[in-house]
Amino acid sequence: MSKRNPTKSQRAVMELLDQGLPVEQIANSLGKSALAVKKQLNRIKRRVREGRIDPSPLPIERAASEPRIYLAGFDVFRRDAKEHGEHLKQLCRDRGFVGLYPLDGDVPSSLQPQDAARHIYTANVQLIRSADIVMANLDDFRGAGEPDSGTAFEVGFAVALGKPVFAYRSSEASLTARVSAAATDDNGAFCARGYLIEDFGLSVNLMLACSARIVVGGPAACLDAIESQIAEGRAASRSPIRSEACSF
């Protein structure tokens, strides 16, 4: 029996599955019912076992040569969040990477706000698990010296999973240079709310600065750094990369 390549519809299902998306989210993305997707997956598995489909290459095989990068950051709150996400993914494709953007999946409109939040959380955690590398936008978000808290969580989660984390900032200015000091004493400078402004010469909190390689520039510069490190054979190890700012 001659083998044939998967159809466009089959390939779409396989690629979404390989991104770590649950069946329900695959169904939403393709405009199908969850039952229809489950049946299609069963047919694909059966035909592969029977030798009727030649899945060459399978998405998982492509992933071996195309590193998957989760694109973390507060960019999801931009007015043009979807368009910006496509831009980031194109920057990834230009370098032979697969970009995973938090807004790639659709949130069912029938969900209540808190259920929608849980859906988004679960989908993004699954994307991070499926990624080889995480790239995070750690620019200040809703206050000087403070990146987006959701992005900070994703960085920590990725580090806990043993994934390399790269981050980018538009400036290398330290926290003490960016956060206004309302008072000073022998212990250092304090912000308007009375909390110490940490002074380690770092641009972000030490827990971020010491867990990620921070690149000064935008996403393109950060992706170039990732590409360079992969070429040197270090980023593919799936072990945490030591920051240039901190050594342990």
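Throughout, read-outs are computed from the coordinates displayed, never taken from laboratory work. If you're wondering where the values come from, they're calculated on a predicted model, not measured in any experiment. As a convention, Cβ positions derive from the backbone with ideal geometry for all residues, glycine included, and neighbour counts pool all protein chains shown.
Over region 66-237, with a single point scatterer placed on each C-alpha, what log10 of the ratio I(q)/I(0) does the Debye formula yield at q = 0.09, 0.11, 0.19 1/Å?
Summing over Cα pairs of region 66-237 leads to -0.34, -0.50, -1.22.
If I fit a long axis through the Cα atoms of helix 81-94 and take the longest principal axis of the Cα atoms of the chain, what angle between them do I get, 0 to 90°, rounded to 10?
80 degrees
Choose one answer from Asn42, Asn187, Asn137: the residue with the largest mean-square fluctuation in a GNM of the chain with alpha-carbon springs under 10 Å.
Among Asn42, Asn187, Asn137, the largest GNM mean-square fluctuation belongs to Asn187.
With the Cα gyration tensor of region 130-173 in hand, convert its eigenvalues to equivalent ellipsoid semi-axes via √(5λ) and list them largest first in whole Å. Spell out each step's value before the answer.
On the way: eigenvalues 85, 25, 10 Å².
Listed largest to smallest, the semi-axes of region 130-173 are 21, 11, 7 Å.
Could you list Met135, Met207, Met14 in order of exposure, starting from the residue whose Cβ has the fewest other Cβ atoms within 10 Å? Mind showing how you got there, number by number?
Details: Met135 30, Met207 13, Met14 20.
Ascending number of Cβ neighbours within 10 Å: Met207, Met14, Met135.
I'd like the orientation of helix 8-18 relative to the chain: the angle between its Cα long axis and the longest Cα principal axis, in ° from 0 to 90, rounded to 10.
Helix 8-18 and the main axis of the chain meet at about 40 degrees.
In straight Cα distance, which lysines are under 24 Å from Lys163, not counting same-chain residues fewer than 8 positions off?
The reachable lysines, counting only those whose Cα sits under 24 Å from Lys163, are Lys89.
So how far apart, in nm, are the two label points at Leu35 and Thr184 if each is 7 Å from Cα heading toward Cβ?
For Leu35 paired with Thr184, the spin-label model returns 7.1 nm.
Which of the lysines could a cross-linker span from Lys45 if the Cα-Cα distance has to be under 26 Å and same-chain partners fewer than 8 positions apart are dropped?
Within reach: Lys3, Lys8, Lys32.
Restricting to bridges with both residues inside the chain, how much of the DSSP beta-bridge set is antiparallel, in percent to the nearest 5? It would help to have the intermediate numbers written out before the result.
Working: 4 of 20 bridges.
The antiparallel proportion sits near 20 percent.
Determine, for Glu66, Glu232, the number of other Cβ atoms within 10 Å of each Cβ, and report the residues in order from fewest to most. Please list the in-between numbers first.
Working: Glu66 17, Glu232 9.
Listing Glu66, Glu232 from fewest to most nearby Cβ atoms yields Glu232, Glu66.
Under unit Cβ charges (Lys, Arg +1; Asp, Glu -1), what dipole magnitude, rounded to 20 debye, does the chain have relative to its Cα centre?
Working: 32 positive and 30 negative charges, 387 e Å.
Taking the Cα centre of the chain as origin, the dipole is about 1860 debye.
For the chain, find the longest principal axis of its Cα atoms and tell me its angle to the long axis of helix 34-49, 0 to 90°, nearest 10.
70 degrees
Using Cα-only point scatterers and the Debye equation, what is log10 of I(q)/I(0) for region 102-176 at each q in 0.16, 0.17, 0.27 Å⁻¹, rounded to two decimals?
Values, matching the q order: -0.69, -0.76, -1.22.
For n ≥ 4 DSSP H runs only, could you compute -39500 (n - 2.57) per run for the chain, divide by its residues and tell me the 222 nm figure to the nearest 500? Show your work: numbers first, answer last.
Working: 10 runs with 107 residues, N = 248.
One gets -13000 deg cm²/dmol as the mean residue ellipticity at 222 nm.
So for each of 6-12, 174-180 I average, over its residues, the number of other beta carbons within 10 Å; can you give me the resulting order with the highest mean first?
174-180, 6-12
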